[in-house]
Amino acid sequence: MNSGFPLVKVSAWLTLFFALCSLFSVDAQVNISSLPSDSEAVPNVTTLERAIEQARKQGNITQAERLTGEFHQLALAENAPISIADSYFQQARNAMERNNYEPAHDLLNQAIRLYESQDNQVGLAKAYRQLGLTYRYQSNYPQALEYIYLAMQISQQLKDQSAIASTYNSIGLVLEKMGLLEGAAQAHQQALELHYELENKDGIASALYNLGDLRRLMGDHMLALSYFNDALAIDLASGGKKYIAYSHNKVGYQYIELGDYQKAHEHLNTALTLFKHIQAPRDTDWALTSIARLEMELGNLEQSRVLLDGVIERAIKHNYKSLLVDAYRLSASLALKSDDTKLAIQHIDAGVVQARSNNETHDEALLEALRVQAYIKEDALRLAFDALLAQKKLEDETLNASRINTIATLQSQAEFVRRAQQIKLLEQEKALSKVKQEQAELGRNVSIAGVAGSFVLFVLIYSRINQRNLNKRLTREVALRTTELEQKNIELQAAYQEVEAISLTDKLTGVHNRRFLENQIGADLEKSQRVYADWHDGKTPLPQQADIVVFMIDMDHFKRVNDEHGHGAGDVVLQQLTQRLALVFRQSDYIVRWGGEEFVGVARFIDRSDAGKLAQRLLHEVGATPFTLPSGVSIYNTCSVGYACFPSAIQQAQASDWQTLIALADTCLYEAKNNGRNAWVGIECIDAPSANITDIATTYFESGADKNKLKVVTSYARHNL
């Protein structure tokens, strides 16, 4: 034996070997005794919870639901809030296995309320992560990240490495769907390393599966297939039917990409059978989408069309948003193969609208590429589209170069962990096989230790040889990226800052949301207040460029757009509206989607005398140019604006209450709407600091009272009252 080889490692591996022997010898007993017999006493909640998880892992959701019902009744009988919360959590998991995300969402919220009441941080972390995943499956990615990130914060505080690893996987899944591949790769890589350290086979399988999906997106189908096969091997050993089905589906899809249609057929049909068995309708349609792709590649276009039409119909009915985008994209490709460009463009349009709604920019780009193919097939503006194709190719090459660099940075570590896991699986397989043989021939005796020692030596020598070969292949790449790998923690921190930024952004328009305004505006008001306080105290001259002006902006007759042209057209109008708002406000100002077609603009540190000019510019930018709908139709639309200035009372100190400022701006907006729309109304100041200034403004607009207390300006008349 090599003198540099630590004996402690031999001891450790021998210990693992005997543990495996022990596990094998009692495996049948454990499986049989995991559920109580009718003659036994009523099981406790811990026993039931383990049985529920085992039934779910085996794909027996009906059994899991029955056991969960017993669990819930037992928890209620014991009047144990945490156990009741756990029962809600288990019910939600069962609902998610059947792709019933709305009921799962409600059940998880009930669990969260109970966990919060008992200050159960472990329960909160797992419930938040699961709630985030329900939003992910509903394509609400910003909301998904918000809850998953909450779970990460709690798990890190608890130093729960297993939960942290699983949460990294969840973050990576959401970022991948949003097209943020760099952040997704970093999250999945971190999950893989943590699961490997914890020797969590299921976690390793999930991380390899997810990294394989990233390689698939990058077009490296051979390496993706290798990852998926590794994940499938671990899943098969673990026995979880849902994950086995997932891996079979991915392996089958990769075989389509590589042209091995026979193997693709075998894996996809296995996945379909398993999904049907566990009664997961969304996942069943996912497998059918893959089979439709296979039929299309085989030339069975009619059969592929029947499958896809069914998937699209069910995806619309059950609100499978992300799957619907995939189905539209594949349907458009099928239509192009069938020379049906009209249907292709129709499904491209529908897919683009859904992808934008889902905030799936990568899928939107793929659909736009299909649109180029459709127009070229129609011989429309050939030269223009040839140029567009060339431009797109260059953009894709640039983007892919960046993405490949990101993935390559992590490749050496991923390869090492993956190979190490292969060795560990081989070791366990050989160890179990050896145990069976020894039990059959000689029973438990000293020869097991000799065989184990030889086996361990073989594995370690094999490991070193394999690692040496791997190192030779990766030396150059690892050398180039050593510095980047050392900065991994910094990069992950940057990724989480990006996650936080996403959670403060409106997914449709890309501008800030209410949460952002709530977090930011208070500091601005306090700063403005301090400047005016210094003036009141005689420390500085009358402030300049120190006012905060809040604009409430609402599209006029927006309901007509939705009613006459559809909600997809309405979404496009709102996206174009935000682009026009950005022409009026500075980068240092805030643009916030307040709700529906209503937006808030915050002009920071200006003179209030300029607010009317900004309001007039808003009317002009919105109303002067037509909005272009997805159908190609152009429509004109206008907006109404109300604004209020802070401090409202210039001569006296005033509390920095941003809610009151919003209420004043909303009151002015209401007045502009009442005066024919396409107008603006603003309150420059209110000389009544101790009174309810919102009531004063409302009374003034309703009856003209309190004229001496307000200075109101409008686009249709100017008041100095």
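Would you pick out the residues in the range 623-655 that are under 15 Å from Ala546 (Cα atoms), buried (at least 20 other Cβ atoms within 10 Å of the Cβ) and among the polar types (S, T, N, Q)?
Ser648, Gln654
For the range 264-310, give me each residue that is touching a His at 6+ places or on another chain (Cβ under 6 Å) and of a type in the set (Ser, Thr, Tyr). Please lay out each step first, then the result.
First, pick out the residues of the range 264-310 that are touching a His at 6+ places or on another chain (Cβ under 6 Å): 267, 270-271.
Correct list: Thr270 only.
Can you give me the number of residues within the range 532-570 that are within 34 Å of the chain's Cα centre (by Cα) and not hydrophobic (A, V, I, L, M, F, W, C)?
If we filter the range 532-570 for residues that are within 34 Å of the chain's Cα centre (by Cα), which is where we start, we get 550-570.
If we keep only those that are not hydrophobic (A, V, I, L, M, F, W, C) as well, we get 554, 556-557, 559-560, 562-568, 570.
Total satisfying the criteria: 13.
Within the set of pairs 6+ apart or on separate chains, which have a first residue in the range 508-521 that is in the same structural domain as Gly596 (by TED's automatic domain parsing), a second that is charged (D, E, K, R) and exposed (fewer than 14 other Cβ atoms within 10 Å of the Cβ), and C-beta atoms under 7 Å apart?
Hits for this filter: zero, empty list.
For (1) among the β-branched types (Val, Ile, Thr); (2) crowded, with 22+ Cβ neighbours inside 10 Å; (3) free of Cβ contacts under 8 Å to residues at least 60 places away in the same chain, each residue gets a yes or a no:
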site	(1), (2), (3)
Glu102	no, no, yes
Leu107	no, yes, yes
Val122	yes, no, yes
Tyr147	no, yes, yes
Leu150	no, no, yes
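Do you know which of the residues in the range 246-284 that are of a type in the set (Gly, Ala, Ser) and under 24 Å from Lys321 (Cβ atoms) is modelled with the lowest pLDDT?
Initially, the range 246-284 is screened for residues of a type in the set (Gly, Ala, Ser), giving 247, 252, 259, 264, 271, 280.
Now narrow it down to the ones that are under 24 Å from Lys321 (Cβ atoms): 247, 252, 271, 280.
On the way: Ser247: 92, Gly252: 93, Ala271: 93, Ala280: 87.
The selected residue is Ala280.
Surrounded by fewer than 20 Cβ atoms within 10 Å (Cβ to Cβ), without any contact (Cβ under 8 Å) to a residue 24 or more places away in the chain, more than 30 Å from Gln651 (Cα to Cα) and basic (Lys, Arg): is that true of Lys559 in this structure? Outline the logic, then answer.
Working: surrounded by fewer than 20 Cβ atoms within 10 Å (Cβ to Cβ): yes; without any contact (Cβ under 8 Å) to a residue 24 or more places away in the chain: yes; more than 30 Å from Gln651 (Cα to Cα): yes; basic (Lys, Arg): yes.
Taking the combined requirement at face value, the residue satisfies it.
Could you tell me how many of the residues in the range 172-223 are among the aromatic types (Phe, Trp, Tyr) and either touching an Asp or Glu at 6+ places or on another chain (Cβ under 7 Å) or surrounded by 22 or more Cβ atoms within 10 Å (Cβ to Cβ) (or both)?
Narrowing the range 172-223 to residues among the aromatic types (Phe, Trp, Tyr): 196, 209.
Among the residues that remain, those that are also either touching an Asp or Glu at 6+ places or on another chain (Cβ under 7 Å) or surrounded by 22 or more Cβ atoms within 10 Å (Cβ to Cβ) (or both) are: 209.
Matching residues across the range 172-223 total 1.
Run down Glu78, Glu97 and say which single residue is of a type in the set (Asp, Glu), more than 22 Å from Asn60 (Cα to Cα), touching a helix residue (DSSP H, G or I) at 6+ places or on another chain (Cβ under 8 Å) and in the same structural domain as Thr62 (by TED's automatic domain parsing). Working first, answer last.
On the way: Glu97 fails: more than 22 Å from Asn60 (Cα to Cα).
Criteria check complete, one pass: Glu78.
Of Leu236, Leu223, Leu288, which residue is free of Cβ contacts under 8 Å to residues at least 12 places away in the same chain, under 25 Å from the mean Cα position of the chain (by Cα) and over 20 Å from Ser170 (Cα atoms)?
Details: Leu236 fails: under 25 Å from the mean Cα position of the chain (by Cα); Leu288 fails: free of Cβ contacts under 8 Å to residues at least 12 places away in the same chain.
Among Leu236, Leu223, Leu288, only Leu223 is free of Cβ contacts under 8 Å to residues at least 12 places away in the same chain, under 25 Å from the mean Cα position of the chain (by Cα) and over 20 Å from Ser170 (Cα atoms).
In the range 341-357, what count of residues is obtained for those that are closer than 13 Å to Gln373 by Cβ and free of Cβ contacts under 8 Å to residues at least 12 places away in the same chain?
Residues flagged as closer than 13 Å to Gln373 by Cβ and free of Cβ contacts under 8 Å to residues at least 12 places away in the same chain within the range 341-357 amount to 0.
Given the criterion assigned by TED's automatic domain parsing to the domain that holds Trp535, without any contact (Cβ under 8 Å) to a residue 60 or more places away in the chain, assigned to a loop (DSSP other than H, G, I, E, B) and among the hydroxyl-bearing types (Ser, Thr, Tyr), identify the matching residue among Thr660, Thr667, Thr625.
Details: Thr660 fails: assigned to a loop (DSSP other than H, G, I, E, B); Thr667 fails: assigned to a loop (DSSP other than H, G, I, E, B).
Being assigned by TED's automatic domain parsing to the domain that holds Trp535, without any contact (Cβ under 8 Å) to a residue 60 or more places away in the chain, assigned to a loop (DSSP other than H, G, I, E, B) and among the hydroxyl-bearing types (Ser, Thr, Tyr) holds for just one of Thr660, Thr667, Thr625, which is Thr625.
Those residues that are modelled with pLDDT of 90 or more and charged (D, E, K, R), I need them from the range 44-69; list them, please.
Glu65, Arg66
Among the helices (runs of 4 or more DSSP H) lying completely within the range 247-362, list those that include at least 2 residues that are acidic (Asp, Glu). Even if it seems obvious, please write down each step before you answer.
Values: elements: 261-277, 281-297, 301-318, 321-337, 341-358.
The helices (runs of 4 or more DSSP H) meeting that bar are 281-297, 301-318.
The values are calculated or read from the model by the stated rules, or taken from the named source; none is laboratory data. Since we're looking at a predicted model, the values are computed, not measured. Quick reminder, even Gly has a Cβ in these numbers, built from the backbone with ideal geometry, and neighbours come from all protein chains shown.
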